[in-house]
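Notes follow once the structure below has been shown.
The values are calculated or read from the model by the stated rules, or taken from the named source; none is laboratory data. All values reported here derive from a predicted model rather than from experimental measurement. Methodologically, a virtual Cβ is constructed for each residue, glycine included, from the backbone with ideal geometry; neighbour enumeration extends over all protein chains shown.
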Amino acid sequence: MAKKSKTQRAKASAARQQRKATREEIGDQPVAEVVEAEEKPKKSLFKKSDAADSDDEAAKKPAKKADEKPAKKRFQFLRDVKAEMKRVTWPTRVDVLRWSGVVIVALLFFGIFVAVLDNLIITPVLVGISGL
């Protein structure tokens, strides 16, 4: 999985905060009204004034406290590991046994091949050369 850039993480975080704030504001409204409230206007491909938009975005973001370290970040790695382990496609017992057999047969074959090559071909050739 590709790692997200700081910009992508910041945008995702801002979107989560916006959704959370919207949910808190809406509270007991029916689901249809919640969906309508969460719809966002489409952004155009070309912006007329980037400076004005960046000022608005900076004003919308809340200031972070420097000394604040929430408990969520302490165990985030373990939660990420757990989520990744759920996505893993584990092999079946039959697959594990089948491929283990293939590995053992391959090891036996190559072990015997190297032993025969060493004892019947290489060693006599080296003895013959050294006897000259």
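Overview of results
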| read-out | value |
| --- | --- |
| Residue within segment 24-39 that is modelled with pLDDT of 60 or more, touching a helix residue (DSSP H, G or I) at 6+ places or on another chain (Cβ under 6 Å) and of a type outside the set (K, R) present | yes |
| Lone unmet requirement of (1) closer than 30 Å to K4 by Cα; (2) modelled with pLDDT of 95 or more; (3) among the basic types (K, R) for R87 | (2) |
